[in-house]
Every structure is written in structure tokens, then in C-alpha cells.
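These notes concern the structure reproduced below.
The values are calculated or read from the model by the stated rules, or taken from the named source; none is laboratory data. Predicted model only: the values in this text are computed from it and were never measured. All Cβ positions, even for glycine, are placed from backbone atoms using ideal geometry, and neighbour counts span all protein chains on display. Just so you know, the surface numbers come from the protein's heavy atoms only, side chains and all, with ligands and any DNA or RNA stripped out. Shrake-Rupley method; radii C 1.70, N 1.55, O 1.52, S 1.80 Å.
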Amino acid sequence: MQAVILVGGEGTRLRPLTYGTPKPMVPLFGVPFLERTIVRLREAGVNEVILAAGYLPQAIIDHFGDGSTVGLRVTYVLEKAPLGTAGALRNVADRLTGAFFVLNGDVLTSLDLRAMLAYHNDKGGEGVIHAIRVDDPSAFGCLVHDGTGRIARFVEKPPRAEAPTDEINAGTYLLERSVLDRIPSGRAVSIERETFPELLAAGGRLYAYTTDDYWLDVGRPEQYVQAHSDVLDGKLVLPSSHHASSGTVFAVPSPQAPPNLHPPAFVGAGVTIDPSAVVGPYAIVGDGCRIGAGAHVRNSILWDGVAIEAGAQVSDAILASNVTVGKGAIVRAGAVIGHDASIAAGRVLEPQARIAAGD
Ligand code: GTP
């Protein structure tokens, strides 16, 4: 079984995290998000993953290589210019041999892919779209289907009061190769706005596979933080990866945890925490971070090599690799700090601050 993962987006909403790191390589508990997804595919019986990439692809290629470290074959098809979600599939068509999974690269879900395949084999249409129910569908594409699951129409981002259903396209598909014939080549094409609606108009059969799985589109900083909180709260169990042993989750108070670490929290390898610092709850502290005397870190994500100097306070923030927060500085309320940036001693950041290196 093959799977295509769409990883060509620029990830603008996660800037400045995505200036140097493509969104699929953004870490989730110290392991690239994409690795978590690929391991889940392997566990579902997928033996080849094709990455449709374009933005900062080398970081992805350097990490996964031929896929041997993640236990399946990984190949790459690079786009010179973004081809859109369907154009990217058309671009990999000659690699696909039969029915295949398609995943948006930024979806975190507990969806059972084997069950989805069984559902598709039972229905026998041209494809299946994973659907989930949300309270407010206005930011998503709604799927309207009949009692058999057959999709009648798509409604993109309806005003909340006019939404025809609470079931939305959750970004995982299982498609027959015949779908590829409907995608024009050589230009950007959207699968949600063009290919799927055109397929229905031509009498094709697409089915919704509606589940109540954990599901989160990790495209914005708030959702990225939520993904970590949800795992710490036990709402989602992540598949383990070959890197997973590099850090420890402390879900509850533990004799192994330093007394000044307040669970739930995650601590990577080689972390130093001063005995007078306070870390947690909901602190994700990547490999090699240093937390100085009297510093506080809570409800925040620190990538690798971050230094929090004495007396600094970090709350409700995301700090990318090798950020330094100077003595007594305050980083708070939705701040997102890019790689290698330094926050000067004593500086107090505005809520929602976005700081890149050199700012
Ligand atoms: P934003 O810029 O923050 O909207 O993020 P994004 O660029 O990732 O766009 P979006 O979240 O809408 O994309 C959903 C998924 O499709 C992500 O996994 C993207 O990497 C992927 N994607 C979007 N456009 C393209 C494209 O043109 N080519 C490929 N290969 N993937 C794409």
C-alpha cells in the first residue's frame, strides 16, 4: 500500500517557526511531526510513502533519507512551484500503482487507516474522505452525504449559521488511481475546490468515512500548543518513533522528576534545570535546554538548545531552537520566537509577539 503526504506548503501561519524549518519537521515532543505520521502509516501496513514537497525540502530529505530509519520506503517528488493539493497528486501519478492514501501533512489524528481501507473496499467508489464533526464548520469544507455515506456535495467554509452539516473534510483520503485522470497536469489544482466537486458532477462516487477520532489541524500556533497539551492530558497516544527515547513525559508527579518540575511536562535529553527554577505544568523542554536560577517556564514549548536565563519568565509561548531569553525578560501570551533569536535581558514582550532572529 502506498501513501502520498502533502508537505509542500509554506506554513505561513506558523511563521516565524517555519522560516528555517518546513512545517512537517516542526517537532512534536522532540520528534518531527511528519515522523509521527509516517510511523502511523507504517503501523497501518503502508510500505511506501511518497512525499510531495517543495518548500525547504532538503531538511525533510536529510532526516528521512530512503526511509530505512522509519521502517518503510520514502521517496520524494519536488515541485518547483506549488501545484496545489490535487496538482501535487497528479505530479506523482507515475509512482502510484493502485489505490492509495493521501494525507495533509499537518493533520494529527487517531484515525484507523486499516478500517478506512476496509470501508472503501466495502463501498467500492472512487474514493473515501475522512470526515469528523466539529462545533463550528465555518473554517472548513463541509461534506454533505446520504445515509449510505455517498457524498452529494461539498460546501467550502460556509457561514456558521448556514452550514448544511457539522461534518468536515478531515484531510485524509483513500483514492483509486482513476481520480488522477481527472486532474489536469501542469498547473496548480485544488482537490477540495476542483477535483472532488468535478468528480461528483461527472457522476463519480465518493464516500464520507465519519469517525469520532481525535483530530487536530496543526496549522496555527494555538493548535500546535494544543496538540502537546492534548497528548499530556492523555487525549491522544502518539505512535512511538525511533527517536522517542530521547525525552521523558511526566504525566503525574514522579520520584524521577526534579521537585521543581510540575507535571504534566516533557523533558528532553541533556536538559539542565536550576533547583530554584519552576518548570511546568504543560512545559515541553527540548534536548539540551538550560533553565536558569529563579526562571519560570509554563504552558510553553521549547525546541532544542533553548537558554532561559536567571529570573526570566516564559508562559504561553513557543520558542524555536537555540533561542536565548535574557535575564529577567518576560515572554508571554501567545509569543512565537523563531530560531536563534535573542530576547534581551529585561525585555517584556507584547502578547502575541512574533520575533525572528535579528528582530
Ligand atoms: P499556511 O501557509 O499556514 O496556510 O500552511 P500550508 O502552506 O501548509 O497550507 P495548508 O495548511 O492549507 O496545506 C494543507 C496541507 O497541504 C499541508 O500539509 C501542506 O504542506 C500541503 N500543501 C498545500 N499546498 C501544497 C502544494 O501546492 N503542494 C504540495 N505538495 N503540498 C501542499
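Is segment 37-50 home to any residue that is touching a Leu at 6+ places or on another chain (Cβ under 6 Å), without any contact (Cβ under 8 Å) to a residue 40 or more places away in the chain and more than 16 Å from the ligand (Cβ to nearest atom)?
Scanning segment 37-50 turns up at least one residue that is touching a Leu at 6+ places or on another chain (Cβ under 6 Å), without any contact (Cβ under 8 Å) to a residue 40 or more places away in the chain and more than 16 Å from the ligand (Cβ to nearest atom).
Inside segment 161-176, can you point out the residues that are under 23 Å from Ala115 (Cβ atoms) and either over 26 Å from the mean Cα position of the chain (by Cα) or aromatic (Phe, Trp, Tyr) (or both)?
Of everything in segment 161-176, just one residue is under 23 Å from Ala115 (Cβ atoms) and either over 26 Å from the mean Cα position of the chain (by Cα) or aromatic (Phe, Trp, Tyr) (or both), namely Tyr173.
Can we say Lys23 is at pLDDT below 95, open to solvent by 30 Å² or more (accessible area, probe 1.4 Å) and more than 9 Å from the ligand (Cβ to nearest atom)?
So Lys23 fails the test.
I'm trying to understand the selection: among the residues of segment 37-80, which are at negative phi and open to solvent by 60 Å² or more (accessible area, probe 1.4 Å)?
Arg42, Glu43, Asn47, Gln58, Asp62, Asp66, Ser68, Thr69, Arg73, Leu78, Lys80 - these are the residues of segment 37-80 that are at negative phi and open to solvent by 60 Å² or more (accessible area, probe 1.4 Å).
Counting just the residues of segment 160-184 that are within 16 Å of the ligand (Cβ to nearest atom) and in a loop (DSSP other than H, G, I, E, B), which one comes out most open to solvent (accessible area, probe 1.4 Å)?
Pro184
Which of (1) closer than 20 Å to Pro16 by Cβ; (2) outside any strand (DSSP E or B) is the odd one out, the single condition Val336 does not satisfy?
(2)
Considering Ala131, Ala99, which residue is within 20 Å of the chain's Cα centre (by Cα) and either away from the ligand (no atom under 16 Å from the Cβ) or at positive phi (or both)? Break it down stepwise before answering.
Values: Ala99 fails: within 20 Å of the chain's Cα centre (by Cα).
That would be Ala131, the only listed residue that is within 20 Å of the chain's Cα centre (by Cα) and either away from the ligand (no atom under 16 Å from the Cβ) or at positive phi (or both).
With Trp215, Trp303 as the choices, which residue is modelled with pLDDT of 95 or more, aromatic (Phe, Trp, Tyr) and surrounded by fewer than 22 Cβ atoms within 10 Å (Cβ to Cβ)?
The unique qualifying residue is Trp215.
Considering segment 21-43 alone, what residues qualify as being closer than 12 Å to Gly105 by Cβ and among the acidic types (Asp, Glu)?
Across segment 21-43, the qualifying residue is only Glu35.
What's the number of the condition Pro197 fails, among (1) open to solvent by less than 30 Å² (accessible area, probe 1.4 Å); (2) assigned to a helix (DSSP H, G or I)?
(1)
Here's the yes/no breakdown for (1) open to solvent by 60 Å² or more (accessible area, probe 1.4 Å); (2) at pLDDT 95 or above; (3) assigned by TED's automatic domain parsing to the domain that holds Leu28:
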site: Gln256; (1), (2), (3): yes, no, no
site: Tyr282; (1), (2), (3): yes, yes, no
site: Cys289; (1), (2), (3): no, yes, no
site: Ala295; (1), (2), (3): no, yes, no
site: Glu309; (1), (2), (3): yes, yes, no
site: Ser321; (1), (2), (3): no, yes, no
site: Ile330; (1), (2), (3): no, yes, no
site: Ala335; (1), (2), (3): no, yes, no
site: Ala341; (1), (2), (3): no, yes, no
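Could you run through segment 185-242 and say how many residues are within 14 Å of the ligand (Cβ to nearest atom), of a type in the set (Asp, Glu) and touching a helix residue (DSSP H, G or I) at 6+ places or on another chain (Cβ under 8 Å)?
Of the residues in segment 185-242, 3 are within 14 Å of the ligand (Cβ to nearest atom), of a type in the set (Asp, Glu) and touching a helix residue (DSSP H, G or I) at 6+ places or on another chain (Cβ under 8 Å).
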